[in-house]
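Visitor: What follows is a structure written as structure tokens; I'll ask about it next.
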Amino acid sequence: MKKRFCKVVASAALLSMMAVIAVGCGKKDAPVPEENPTPTQTQTAEDSQVTEETESQEESAGEVFEVEIETIDGSRRDDEGNLLASIYMQYPVVKGDTDAVDAINAYYDRLQVEYSPLNSAVLEDLDQALAYSDDMSEFPYEDYTACTVSRNDGEYFCVMNQYVWYAGGVMNSGMMGDVFDSATGKKLTVVDLYPDMSEEEVQEMLLGICEQEINKNPDEYFQESDFGYSSMEIISQYNVEELNFYMYDGKIVLSFGPYEIGYGGWYREIEIGTY
């Protein structure tokens with residue numbers, strides 16, 4: 001699980017991070033009705049075009065999903081019931097019988113197998129600690145991912161996955177985002193949010209936003225003078241389609257993992273837009 005949620009962030013850094021282009025629904029002014037219109041005047045060619053556009057939009061629109069959160073629990077307790085390791089993975093199950101629903105659920109079905117908490121490496125650390133220490137104050141160890149649906153409006157379906165890893169020493173935490181097209185169930189990259197821009201243009205825009213944020217809060221990020229490399233160097237090496245992002249509270253956010261672009265075991269967020 002931590003291969004995706006803790007050890008690799010790209011995985012992310014969101015934070016989930018990306019300005020969705022607000023697609024205007026341009027409502028046309030209604031035509032002023034004439035007095036005593038004849039039957040041929042009740043629907044003009046323009047009215048027919050508007051009707052066709054509306055029907056086309058409805059056909060391509062997504063749905064607001066009904067969702068349940070499931071949990072795979074691999075936690076461990078001692079013989080007296082004391083919690084030794086909090087190990088679990090939450091994931092959404094979308095209800096319904098559409099291609100979009102099937103695609104989203106299939107994505108999480110794969111994750112359950114590939115990153116099952118039942119195979120958590122923290123269990124090896126736990127066994128070693130129990131063998132050499134009687135101090136229970138450092139427990140429970142932690143290796144879990146808790147999820148929440150942060151956007152579900154028929155346009156985008158976003159799941160925020162907060163992970164925590166602790167096996168003594170410093171606790172690591174991060175946030176990964178999964179963003180889907182509600183109409184198709186396709187998992188999106190940040191480039192998909194800007195259909196009128198090329199990949200290079202999106203990357204240039206995001207690098208500019210990140211640089212502004214880093215310059216405003218330089219102490220939060222790596223500087224080349226202190227570390228031999230800078231946060232911007234790390235971000236610029238990303239393939240823009242691999243950037244981790246999520247949506248919540250009207251914001252689009254890039255998220256980067258602990259120690260990735262700044263010191264400390266917590267993740268960094270850079271807001272890139274609103275929706």
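Condition check ((1) of a type in the set (D, E, K, R); (2) in contact with a Cys (Cβ under 7 Å, 6 or more places away or on another chain); (3) at pLDDT below 95; (4) outside any strand (DSSP E or B)) across all residues:
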{"residue": "G154", "(1), (2), (3), (4)": "no, no, no, yes"}
{"residue": "M160", "(1), (2), (3), (4)": "no, yes, no, no"}
{"residue": "E204", "(1), (2), (3), (4)": "yes, no, no, yes"}
{"residue": "E211", "(1), (2), (3), (4)": "yes, no, no, yes"}
{"residue": "N215", "(1), (2), (3), (4)": "no, no, no, yes"}
{"residue": "S225", "(1), (2), (3), (4)": "no, no, yes, yes"}
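Visitor: Still on this structure: Just checking, how many residues over region 140-181 are of a type in the set (A, V, I, L, M, F, W, C), more than 29 Å from D78 (Cβ to Cβ) and more than 10 Å from the chain's Cα centre (by Cα)?
Guide: Here is the first cut: in region 140-181, the residues of a type in the set (A, V, I, L, M, F, W, C) are 146-147, 149, 157-160, 164-165, 167, 170-171, 175-176, 179-180.
In the following step, the residues that additionally are more than 29 Å from D78 (Cβ to Cβ) were identified as 149, 157-160, 175-176, 179-180.
So of that shortlist, the ones also more than 10 Å from the chain's Cα centre (by Cα) come out as none.
Matching residues across region 140-181 total 0.
Visitor: Could you tell me which residue of region 62-81 is nearest to the chain's Cα centre (by Cα), considering only residues that are open to solvent by 70 Å² or more (accessible area, probe 1.4 Å) and not charged (D, E, K, R)?
Guide: So, considering only residues that are open to solvent by 70 Å² or more (accessible area, probe 1.4 Å) and not charged (D, E, K, R), the one nearest to the chain's Cα centre (by Cα) is I69.
Visitor: Looking at region 114-145 only, could you name the residues that are of a type in the set (S, T, N, Q) and farther than 14 Å from Y163 by Cα?
Guide: N119, Q128, S133, S137
Visitor: Enumerate the pairs (first residue in region 256-268 and among the small types (G, A, S) and assigned to a loop (DSSP other than H, G, I, E, B); second residue anywhere and buried (at least 18 other Cβ atoms within 10 Å of the Cβ) and modelled with pLDDT of 95 or more) with beta-carbon separation below 6 Å, excluding pairs fewer than 6 apart on the same chain, so at least 6 apart or on different chains.
Guide: G257/G174; G257/Y267; G262/Y221; G262/R268; G265/N172; G265/P258
Visitor: All but one of (1) crowded, with 22+ Cβ neighbours inside 10 Å; (2) touching a helix residue (DSSP H, G or I) at 6+ places or on another chain (Cβ under 7 Å) hold for E211, so report the exception by its number.
Guide: Status for E211: all satisfied but (1).
Visitor: On the basis of being in a loop (DSSP other than H, G, I, E, B), of a type outside the set (S, T, N, Q) and at pLDDT 95 or above, does Y238 make the cut?
Guide: Yes, satisfied.
Visitor: While we're here: Does D102 satisfy the criteria of being closer than 30 Å to S182 by Cα, part of a loop (DSSP other than H, G, I, E, B), modelled with pLDDT of 95 or more and of a type in the set (D, E, K, R)?
Guide: So D102 does not fit the description; no.
Visitor: List every residue pair whose Cβ atoms lie under 6 Å apart, where the two residues are 6 or more positions apart in sequence or sit on different chains, the first residue falls within region 142-158 and is of a type in the set (K, R), and the second residue, located anywhere, is crowded, with 22+ Cβ neighbours inside 10 Å.
Guide: If the second residue must be crowded, with 22+ Cβ neighbours inside 10 Å, the pairs left are R151/C158; R151/M247.
Visitor: Just the residues that are outside any strand (DSSP E or B) and open to solvent by 20 Å² or more (accessible area, probe 1.4 Å), please, taken from region 162-185.
Guide: Initially, region 162-185 is screened for residues outside any strand (DSSP E or B), giving 167-171, 182-185.
A167, G168, G169, V170, M171, A183, T184 - these are the residues of region 162-185 that are outside any strand (DSSP E or B) and open to solvent by 20 Å² or more (accessible area, probe 1.4 Å).
Visitor: Quick check, is E58 at pLDDT below 50, of a type in the set (D, E, K, R) and either open to solvent by 40 Å² or more (accessible area, probe 1.4 Å) or not in a helix (DSSP H, G or I) (or both)?
Guide: In short, yes.
Visitor: Follow-up. Can you name the residue in region 230-270 that is among the charged types (D, E, K, R) and touching an Asp or Glu at 6+ places or on another chain (Cβ under 8 Å) and is also surrounded by the most Cβ atoms within 10 Å (Cβ to Cβ) among such residues?
Guide: R268
Visitor: Also, quick follow-up: Which of the residues spanning region 190-208 are closer than 17 Å to G177 by Cβ and open to solvent by 40 Å² or more (accessible area, probe 1.4 Å)?
Guide: Residue satisfying the conditions is D192 alone.
Yes/no matrix, rows are residues, columns are (1) over 26 Å from V64 (Cα atoms); (2) in contact with a Ser or Thr (Cβ under 8 Å, 6 or more places away or on another chain):
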{"residue": "Y194", "(1), (2)": "no, no"}
{"residue": "V202", "(1), (2)": "yes, no"}
{"residue": "N215", "(1), (2)": "yes, no"}
{"residue": "K251", "(1), (2)": "no, yes"}
{"residue": "I272", "(1), (2)": "no, no"}
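The values are calculated or read from the model by the stated rules, or taken from the named source; none is laboratory data. Nothing here was measured: the structure is a model prediction, and the numbers come from that model. Glycine also receives a Cβ, built like all others from the backbone with ideal geometry; neighbour counts cover every protein chain displayed. These accessible areas exclude ligands, DNA and RNA; they are computed on the full protein's heavy atoms, side chains included. Shrake-Rupley method; radii C 1.70, N 1.55, O 1.52, S 1.80 Å.
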